[in-house]
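The values are calculated or read from the model by the stated rules, or taken from the named source; none is laboratory data. Note that the structure is predicted; figures quoted are calculated from it, not measured. Because the Cβ atoms are built from the backbone with ideal geometry, glycine has one as well, and the counts that use them run over all protein chains shown. Remember, those area values only see protein heavy atoms, side chains included, never the ligands or the DNA or RNA. Shrake-Rupley method; radii C 1.70, N 1.55, O 1.52, S 1.80 Å.
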Amino acid sequence: NQFHGGPIAAFIDTVGDLAVGVFAGGGVPTMNIRIDYLKPAFGPELIATARVRRLGRSVAVADVDVTDATGALVAIGRG
């Protein structure tokens, strides 16, 4: 009932890509990603919220917060 860090990182990468893709008109490759795991992620689901911080012609930056079912922040990522 605990999520491993690998799927959390993939979740952050995917949600960040989708957020940028909405503005860029499609999926984009990840150039760099950083994940900070803040506490163990328990429960049946995780919720990710992305915010596009910069949208340039060749580089974009998105921040992603991941919370568990109780609303506790379990990880943050930037890609």
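Of the peptides 21-29, 41-49, 6-14, 61-69, the ranking by mean beta-carbon count within 10 Å, highest at the top, reads 61-69, 6-14, 41-49, 21-29. Compared with the dominant principal axis of the Cα atoms in the chain, helix 5-24 is inclined by about 30°.
Ligands, DNA and RNA left out, the 1.4 Å accessible surface of the chain is 56% carbon and sulfur atoms. The slack in the chain from R78 to Q2, taken as 0.36 nm per residue of separation less the alpha-carbon distance, amounts to 25.1 nm.
Under 5 Å between amide hydrogens, built in the peptide plane, is the criterion, and for A41 it picks out F3 among residues at least 5 positions away or on other chains. Ranking P40, A72, A60 by how far each Cα lies toward the positive end of the dipole of region 27-79 (charges on Cβ) leaves A60 at the top. Distance between the 7 Å Cα→Cβ label points at A24 and R54: 1.4 nm.
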